[in-house]
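Note sheet for the following structure.
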Amino acid sequence: MSDPNEWNYAPAPEAAKQARISDRYAHFINGKWADPKEGEYFQSTNPATGEKLSEVALGTKRDVNAAVKAARNAYDNVWSGMSPRERGKYIYRIARLIQERAREFAIIETLDGGKPIRESRDIDVPLAANHFFYYAGWADKLDYAFPNRKVSSLGVAGQVIPWNFPLLMAAWKIAPALATGNTVVLKPAETTSLTAMKLAEIIADSGLPDGVVNIVTGMGETGALVVNHDDVNKVAFTGSTSVGKRIQKSIAGTDKKITLELGGKAANIILEDAAIDQAVEGIVNGIYFNQGHVCCAGSRLFVQESVYDEVLWKLKRRMDTLIVGDPLDKNTDVGAINSKEQLETIQRYLKAGVDNGAEMYQPACDLPASGNWCPPTVFTNVAQSSIIAQEEIFGPVLAVQTFRTVPEAIEKANNTPYGLSAGIWCDKGARLFQISNQLEAGVVWGNTYNQFDPTSPFGGYKESGFGREGGLHGLAAYLDM
Ligand code: NAP
Ligand code: MG
């Protein structure tokens, strides 16, 4: 194997000072900054350094009540009665403002969450703006979206989002809700509230009527208060399967409409006729970029036996070249793990994998001295029953298995409680479609991976949740019809 470290890129750090982060953020309620009623704040830190970035309000019952009240008032008195065309204009304005401040958003997303700036700059922020653009376009065309149906908005949407795509998940939640005439109370994840607060600034700048979007920061309890509030009509949750189940239980028996976007354990399947270099690049993209903090991460790899040696050799060689480190550096491929807790979780799985008899490979990389880091990891010789092949790890950890026949690959790929996404690498389109129809996954990518577009619905089966976000399906989730 040639030495991949013969030469290196010079550091190309993005300037952190381009981003303005306040020392402290209050909630955003009824168009204004609202100090937490109990006066408590918690820290948001940079997971790459451990440094404190800001303080964020801790939302309690009285804060959530105030936010829901503002959302109800805005729904009843302004937003639901506004002409759809006017509503669309506000949503367009939010999209434009995100574009104008894209650089600042990307930097803050990277500082607060640890993801490489290349990802936040090229994926998170543009997709978030596009989501607002896309749904702005639908606002005055709902009759065309659902012909011969009488559609109406639901009321107040309570929305709770995770830390892996903080701004993008906020966009996925807010844009379709507004386009369909609903108002919103959003609770960002504890470790990544800052871009939501920047979004609040933009929402204020856009002139959106007070109370249409309210953002309450806090922990899991704050999220529970939002989804369980009596005056919330629609619950939209993205996060772990365990919390999703808890939410579903807690709102059972109410007439709240609900969508759940939960965990995943996606299978990537490489057939022997696949373009191997392209496949390896897709596998690497699917599990190592963004540190595997992706619900649809391709965390299981199934390789046809005849090409196994070649795939593994190329995969390891590619892993050796991945740049792990400063997320603000434009060359970085793998950034920081989002939190100490998440790092500990990943480390527990690494140990379990080894204890279960799998073989672990990690490239030698110089990890920074402070912050939360995990090198890209691949496990081979993995038993189907092994915990690392069964459970969502949510880190840069790939479990590889082999297969001889296609039916065997399909059976193994489907042998999981999850059903969010999958990938197939093969030369023949017809075969690819045939296999994709047999995979129990909401999204199946063919000869590519992790492609997103606002027009295309996304969501899971089985324990990965139900309901779809994006596309027309994403509108339907916010409408009575
Ligand atoms: P999580 O622990 O379930 O948290 C998600 C959100 O729910 C956070 O804002 C969290 O607040 C809040 N929360 C926690 N307990 C709650 C409760 N009892 N009631 C209401 N809200 C509560 O998930 P995570 O660790 O942040 O995110 C990782 C998970 O999200 C993974 O499983 C991943 O697969 C999944 N995910 C799925 C999709 C998808 O589209 N299917 C997309 C992204 C992520 P705190 O942050 O304060 O705990
Ligand atoms: Mg943070």
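Could you tell me the calculated FRET efficiency between Thr254 and Lys52, based on Cβ-Cβ distance and R0 = 35 angstrom, to the nearest 0.05?
Working: r = 39 Å, r/R0 = 1.11.
Result of the calculation: an efficiency of 0.35.
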With Cβ to Cβ distances under 12 Å as the rule, what net charge do the other residues near Leu315 carry (K, R +1; D, E -1)? -1
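Which of the pairs Lys265/Lys428; Lys52/Lys330; Lys37/Lys61; Lys32/Lys69 have their Cα atoms more than 18 Å apart in this structure?
Details: Lys265/Lys428 25 Å; Lys52/Lys330 22 Å; Lys37/Lys61 9 Å; Lys32/Lys69 14 Å.
Check vs 18 Å cut-off fails for Lys265/Lys428; Lys52/Lys330.
If r is the Cβ-Cβ distance from Gln43 to Ser370 and R0 is 22 Å, what FRET efficiency results, to the nearest 0.05?
0.90
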Using a/c under 1.5 as the rounded threshold, could you call the range 9-103 rounded, prolate or oblate? The axes a ≥ b ≥ c are square roots of the C-alpha gyration tensor eigenvalues, and prolate needs a/b larger than b/c, oblate otherwise. oblate
Compute the acute angle (0 to 90°) between the alpha-carbon long axis of helix 61-74 and the principal axis of greatest extent of the alpha-carbon atoms of the chain; round to the nearest 10°. 70 degrees
Percent of beta bridges antiparallel (DSSP, the chain, rounded to nearest 5): 35 percent
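About the Cα centre, and with charges only on the beta carbon of Lys, Arg (+1) and Asp, Glu (-1), how big is the dipole of the chain? Nearest 20 debye, please. Can you show the working numbers first?
On the way: 48 positive and 56 negative charges, 305 e Å.
That gives the chain a dipole magnitude of about 1460 debye.
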What is the diffusion coefficient of the chain in µm²/s, taking the Kirkwood radius over Cα pairs and the Stokes-Einstein relation at 37 °C with a viscosity of 0.692 mPa s? 144 µm²/s
If a paramagnetic tag sat 7 Å from the Cα of Asn381 along the Cα-Cβ line, which residues of the range 271-308 would have the backbone N under 15 Å from that point? none
Would you mind ranking Arg103, Arg20, Arg468 by Cβ crowding within 10 Å, fewest neighbours first? Arg20, Arg103, Arg468
Note, Val382: beta-carbon cut-off 12 Å, +1 each Lys/Arg, -1 each Asp/Glu, net +1
Tell me the net charge near Asn372. Cut-off is 12 Å between Cβ atoms, Asn372 excluded, with +1 for each Lys or Arg and -1 for each Asp or Glu. -1
Which distance in nm do the two modelled labels at Gln434 and Val151 give, with both placed 7 Å along the Cα-to-Cβ direction? 3.8 nm
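Could you work out the helix-only [θ] at 222 nm for the chain, with each DSSP H run of four or more residues adding -39,500 (n - 2.57) and the total divided by the number of residues, to the nearest 500 deg cm²/dmol?
Values: 16 runs with 177 residues, N = 481.
One gets -11000 deg cm²/dmol as the mean residue ellipticity at 222 nm.
State the antiparallel share, in %, of DSSP beta bridges confined to the range 267-446, rounding to the nearest 5.
Numbers: 3 of 24 bridges.
Counting DSSP beta bridges with both partners in the range 267-446, the antiparallel share is about 10 percent.
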To one decimal place, what orientation-averaged projected area in nm² is obtained for the convex hull of the Cα set of the range 229-320? 7.9 nm²
Trypsin sites (Lys or Arg not before Pro) within the range 133-174: which are DSSP loop residues with at most 16 other Cβ atoms inside 10 Å? Lys141, Arg149, Lys150
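Calculate the tail of P(r) for the range 267-446: the fraction of all Cα-Cα distances greater than 21 Å, expressed in %. Show your work: numbers first, answer last.
Details: 7364 of 16110 pairs.
When every Cα pair of the range 267-446 is considered, 46 percent fall beyond 21 Å.
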In nm, the gap between the two label points placed 7 Å beyond Cα toward Cβ at Asn73 and Glu344 is 4.2 nm
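Note down the magnitude of the dipole of the range 267-446 about its Cα centre, charges +1 on Lys and Arg C-beta and -1 on Asp and Glu C-beta and zero elsewhere, to the nearest 20 debye.
120 debye
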Spin-label model distance (nm) - Arg62 vs Ala10, 7 Å beyond Cα toward Cβ: 5.7 nm
Using the Cα atoms as the points, what is the convex hull volume per residue of the range 94-253 in Å³? 119 Å³
Let's test the formula: R0 of 35 Å, r as the Cβ-Cβ distance of Asn228 and Asp205. What FRET efficiency results, to the nearest 0.05? 0.65
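If contacts are Cα pairs under 8 angstrom and at least 6 residues apart, what is the relative contact order of the chain in percent?
Reported as a whole number, the value is 18 percent.
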With unit charges on the beta carbon (Lys/Arg positive, Asp/Glu negative), name the residue among Ser421, Tyr308, Ile270 whose Cα is farthest towards the positive pole of the charge dipole of the range 267-446. Ser421
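Arranged by the count of other C-beta atoms within 10 angstrom, fewest first, what order do Cys365, Cys374 take? Please list the in-between numbers first.
Working: Cys365 16, Cys374 22.
Lowest count first: Cys365, Cys374.
Values in this text are rule-based calculations from the coordinates and carry no lab data. Owing to the predicted nature of the structure, the values given are computational and were not obtained by experimental measurement. Every residue, glycine as well, gets a Cβ built from its backbone with ideal geometry; the counts of neighbours run over all protein chains shown.
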